[in-house]
Amino acid sequence: MIVCVAVVGHQNNPLYLQSFTDADDALKLHHIVHCSLDVIDERVNNPKKTGPTLNEAFLGLLYPSENYKAYGYLTNTKVKFIFVTTDLDVKDADVRNFFKRFHSAYVDAVSNPFHVPGKKITSKTFAERALSIFLFPFLGVGMVEPEVLNSYHETLNWKKPWCPFV
């Protein structure tokens, strides 16, 4: 299960951050995201060490811990996607598929003429599309029915994406 997802700009500014757990775990998950940013910077700045090549967007497993695993993805514009999961046996092919779908949702959100580049993503359409991807992260499912999203929002007491760094 995906418990946290983050979109981080090229200057390490948070553009979107959403956790799907209790408030107690949110701080721990944000710490994992920050540690993952350090790993991404290390892999990008030292490409000869272990890890994928620079021309590959999928960065793979960034930060394993006892209860969580963090995976990363780097776009051509140096925007970073990080997600944290509690599933400890996720296949790389499934994670790549998730990131491709999430990248597509991100591109649609920032292509909006009213979006200001480098600012937080506040699009309700992006949040709903992202949530549908999180509900079915490793399936080829498109948008989820609005009734399912509404019941899921009520279950989680979900509000707008929250970012503690701004």
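The values are calculated or read from the model by the stated rules, or taken from the named source; none is laboratory data. On a predicted model such as this, the values are computed, not experimentally measured, just so you know. In this analysis, Cβ positions are derived from the backbone assuming ideal geometry, glycine residues included, and neighbour counts consider all displayed protein chains. Side chains included, ligands, DNA and RNA excluded: accessible areas come from the protein's heavy atoms. Shrake-Rupley method; radii C 1.70, N 1.55, O 1.52, S 1.80 Å.
Structure data summary
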quantity	calculated
Out of 71, 63, 106, sole residue that is surrounded by 13 or more Cβ atoms within 10 Å (Cβ to Cβ) and more than 18 Å from residue 9 (Cα to Cα)	63
Residue 30 vs. criteria open to solvent by 40 Å² or more (accessible area, probe 1.4 Å) and either assigned to a strand (DSSP E or B) or out of contact with any helix residue (DSSP H, G or I) (no Cβ under 9 Å at 6 or more places or on another chain) (or both)	no
Residue match in the stretch 79-98 (condition: within 14 Å of the chain's Cα centre (by Cα), open to solvent by 50 Å² or more (accessible area, probe 1.4 Å), modelled with pLDDT of 90 or more and within 15 Å of residue 15 (Cβ to Cβ))	no
